1. Based on alpha-carbon positions alone, could you give the equivalent ellipsoid semi-axes of the stretch 25-84 from the gyration tensor, as √(5λ), descending, whole Å?
2. Determine, from the Cβ-Cβ distance of LEU35 and ARG70 and an R0 of 41 Å, the FRET efficiency 1/(1 + (r/R0)^6), rounded to the nearest 0.05.
3. Along the Cα→Cβ direction, 7 angstrom out, place labels at THR24 and THR52. What is the inter-label distance in nm?
4. What is the sum of charges, Lys and Arg at +1 and Asp and Glu at -1, for the other residues whose Cβ falls under 13 Å from the Cβ of GLY34?
Amino acid sequence: MKRVKDAAKRRRGRTRLSRKHQATIPVDALRRAGLGSGDELEVEAAGSGRITLKRVRDVITQYAGCLTGRYPPRYLARLRREWR
């Protein structure tokens with residue numbers, strides 16, 4: 001019975017910290033921010049009563065393979081021979 005009362009008191013777009021310092025982020029806020037399941041987030045204190053979450057982008061993953069097909073065949077092999 002208590003759960004029904006607590007759920008009725010909560011307002012849309014709000015959350016509460018649990019005893020383990022966990023919070024559920026409302027789905028609407030996640031969608032507007034473009035965040036999804038599995039995203040790694042950086043957490044920072046942004047003043048009294050304020051916390052910001054920012055998606056961490058792995059630069060290597062972001063750019064890996066972006067130059068595929070840009071160089072002619074065996075170009076890298078020729079370039080490496082020049083280094084010797």
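Just so you know, all these numbers are worked out from the coordinates, no wet-lab data involved. Here the structure is a predicted model, which is why all the values come from computation and not from measurement. Note that we place each Cβ from the backbone using ideal geometry, even for glycine, and neighbour counts take in every protein chain shown.
1. 43, 15, 7
2. That pair, LEU35 with ARG70, gives E of 0.80.
3. Calculated label separation equals 2.8 nm.
4. Result for the local shell: +3.
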